[in-house]
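Chemist: Take this structure first; my questions come after.
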Amino acid sequence: MSNTLFTPTTLGKLQLKNRIVMAPLTRSRAIGNVPNELMAKYYSMRAAAGLIITEGTSPSPNGLGYARIPGLFNDAQVQGWRRVADGVHAAGGRIFVQLMHTGRVSHPANMPAGSRVLAPSALALSGEMWTDSSGMQPHPVPVAMSETDIAQTIAEYAGSAKRAIEAGFDGVELHGANGYLIDQFLNTATNQRTDQWGGSVENRIRFAVEVAKACAAAIGADRIGMRISPHGVFNGAVPDARMDELYQRLIEELNDVGLVYIHIVDHSSMGAPPVNAELKAGIRATFKGKYILSGGYDLARANADLDANRGDLVAFGRPFISNPDLVQKLKNGTVLTAPDPATFYTPGEKGYTDY
Ligand SMILES: Cc1cc2nc3c(=O)[nH]c(=O)nc-3n(C[C@H](O)[C@H](O)[C@H](O)COP(=O)(O)O)c2cc1C
């Protein structure tokens, strides 16, 4: 078996020591939405990865939909994240922050005073979500964003990208996957607008493209990647007939912006429908930057997909939760420890820094 996974590569101006990416993983340990020492320890324990992508982090008070997720829009958060980035760099790693605006996947009980649940259209996500103050609560009907809200939100992404560099991050991943705000614009189930931000493929990709452009203008496109989940069904996303065309157009636009990578979510290992092979191949052929594969990977499949040139890097999610030394274990062929889903989102060290 080849060992391409352990070979170095580049990402923009960065050198990466291997092709192993720690996938973005929400862990809900950021009390008060500010990164802390415990989080710095957790990330530095995993710095043997070629690249760490942090948990989803909100660029705005309006995007803090889940309990205890971090933000990156004020000075305390920049200081907290600086400890994380410094720790990872001291341990020889590289780290991007994932900017995740939750949009309608939210509840006011999780959000700071004065913030608003925003989405492209006033369509509530069905079901309930966890809040620390009141337990499980139904998702509210979001406010359909005005032109002013959209312009302000795009500016918040760009401001957060600047703060990411201030905090010492090597770059930013824009979360365009899994039914959060950017994906809410892409998808017809959540975007029923009739203005320039909805309807046609060109209109539905506009928000993703404008966010990418604004962040590129702020920190340079060679420090920005985007995660997308074509045919995803998480958080009420519904595939439609024009989905392949939409993602193909989005990739062309992101090429023009010059993004450094595209990160494809395929959650078929978690029960979601698979992303069709033609679309993956089309994205691979069209996109000029690096391609990160993700979803249900082990060593053999990672090497096989890299050797077949289906991607350049491979992200591992759940294996990194329960194996901080994942890189060494994969090298040695050591059996991996299974993660405990009961502690995925609970506060404190248990199931976080004690594996
Ligand atoms: C506990 C947990 C939290 C996650 N949080 C995020 C997140 O914040 N952002 C994101 O893009 N994906 C998130 N994901 C999805 C993972 O990045 C990854 O795509 C998924 O776990 C499949 O990869 P795996 O089979 O290697 O675990 C999360 C997954 C899990 C299990």
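Chemist: So how far, in whole Å, is the C-alpha centre of the range 194-268 from the one of the range 1-41?
Modeler: 22 Å
Chemist: Sum -39500 (n - 2.57) across every DSSP H segment of at least 4 residues in the chain, then divide by the residue count to get the 222 nm mean residue ellipticity, nearest 500.
Modeler: -9500 deg cm²/dmol
Chemist: Keeping the other protein chains in place, figure out the carbon and sulfur percent of the accessible area of the range 85-172, with a 1.4 Å probe.
Modeler: That fraction is 56 percent.
Chemist: Using a probe radius of 1.4 Å on heavy atoms only, what accessible surface per residue do you get for the chain? Whole Å² is fine.
Modeler: 37 Å²
Chemist: Can you count the Lys pairs in the chain with C-alpha separation below 26 Å, eight or more apart or on different chains?
Modeler: 27
Chemist: Just to be sure I understand the curve: with the Debye formula and one point per C-alpha of the range 248-335, what is log10 I(q)/I(0) at q = 0.15, 0.19 Å⁻¹?
Modeler: Cα-only, vacuum Debye calculation for the range 248-335: -0.62, -0.92.
Chemist: Okay, moving on. Where Lys and Arg each count +1 and Asp and Glu each count -1, what net charge lies around Thr346 among other residues with Cβ under 13 Å from its Cβ?
Modeler: Once all neighbours under 13 Å are counted, the net charge is 0.
Chemist: Moving to a separate point now. Which helices count as membrane-span-like in the chain under these terms: full DSSP H, at least 18 Å along the axis by C-alpha, Kyte-Doolittle mean of 0.0 or more?
Modeler: Answer set is 206-219.
Chemist: Above 36 Å lies some portion of the pair distances; for the chain, what is it as a whole percent of all C-alpha pairs?
Modeler: 13 percent
Chemist: Note the direction-averaged projected area, equal to a quarter of the hull surface, for the Cα convex hull of the range 297-347, in nm².
Modeler: It is 4.1 nm².
The values are calculated or read from the model by the stated rules, or taken from the named source; none is laboratory data. As the structure is a prediction and not an experimental result, all values here were calculated from the model. Cβ atoms come from the backbone with ideal geometry, glycine included; neighbour counts cover every protein chain shown. Protein only, heavy atoms only, side chains kept; ligands, DNA and RNA dropped before computing areas. Shrake-Rupley method; radii C 1.70, N 1.55, O 1.52, S 1.80 Å.
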